[in-house]
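Only one structure is covered here, and it is reproduced in the block below.
The values are calculated or read from the model by the stated rules, or taken from the named source; none is laboratory data. Being a predicted model, the structure only gives us computed values, none of them experimental. For neighbour counting, all protein chains shown are included, and Cβ atoms are generated from backbone atoms with ideal geometry for every residue, glycine included. These accessible areas exclude ligands, DNA and RNA; they are computed on the full protein's heavy atoms, side chains included. Shrake-Rupley method; radii C 1.70, N 1.55, O 1.52, S 1.80 Å.
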Amino acid sequence: MSVINRSGKEAVIGMLGPGDFFGEGGLAGQSVRMATATAITRTTLLAIEKTEMARMIHEEHAFSDRFVAHMLSRNIRIEEDLIDQLFNSSEKRLARTLLLLARYGTQDPSQRIPTISQRKLAEMIGTTRSRVNFFMNKFRKLGFIRYNGGLHIETSLLSVVLHE
């Protein structure tokens, strides 16, 4: 999920994964779309009309529970992202973002992340592409990441995020 300001500067504000929802602002009466969702891997979407979504939330309790759980976890993630941006270095933000892309800590972890440019990673963490390049080379030399038919993340990268 990304936003663009009036001068054309883009910022990535979130990453979605399998089973996630987006576009819920319309349910809350948001008249203007605030963000754009862009797929970085092959994706299948299910579009649900506003009236049908409202009906499902009210009548289908399992669906409603899943939607509420998703919204609560997204809210927690947004708070974590804000704290990360305010208090952590760009190196730690990059390490955390790579772990999130690899879905570390979920029921479906993958050491291999989708193909993503260093420019996009820089937008996601709020730094320059050259800083991302510097840290990616450092992570590779330390054995935290590998390039072998794609980018592979080692869970030992977590030590960069946790190390004070």
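Quick one: Ala28 ticks every box in (1) of a type in the set (Gly, Ala, Ser); (2) free of Cβ contacts under 8 Å to residues at least 12 places away in the same chain; (3) not in a loop (DSSP other than H, G, I, E, B) bar one, so which box is it?
(3)
Sort out which residues of region 41-66 are under 18 Å from the mean Cα position of the chain (by Cα) and not aliphatic (A, V, I, L, M), and write them in order of number. Don't jump to the end; show me each part of the working.
At the first step, the residues of region 41-66 found to be under 18 Å from the mean Cα position of the chain (by Cα) are 41-45.
Passing the criteria: Thr41, Arg42, Thr43, Thr44.
Can we say Thr41 is touching a Ser or Thr at 6+ places or on another chain (Cβ under 8 Å) and exposed (fewer than 11 other Cβ atoms within 10 Å of the Cβ)?
yes
Filter region 12-36 for residues that are under 27 Å from Thr106 (Cα atoms), touching a strand residue (DSSP E or B) at 6+ places or on another chain (Cβ under 9 Å) and open to solvent by 50 Å² or more (accessible area, probe 1.4 Å); which is modelled with the lowest pLDDT?
Only one residue fits best here, namely Ile13.
Quick one: is His152 modelled with pLDDT of 85 or more, farther than 20 Å from Val12 by Cβ and open to solvent by 20 Å² or more (accessible area, probe 1.4 Å)?
Spelling it out, His152 is indeed modelled with pLDDT of 85 or more, farther than 20 Å from Val12 by Cβ and open to solvent by 20 Å² or more (accessible area, probe 1.4 Å).
Would you mind telling me which numbered condition in (1) modelled with pLDDT under 90; (2) open to solvent by 50 Å² or more (accessible area, probe 1.4 Å); (3) in a helix (DSSP H, G or I) Thr106 fails?
(3)
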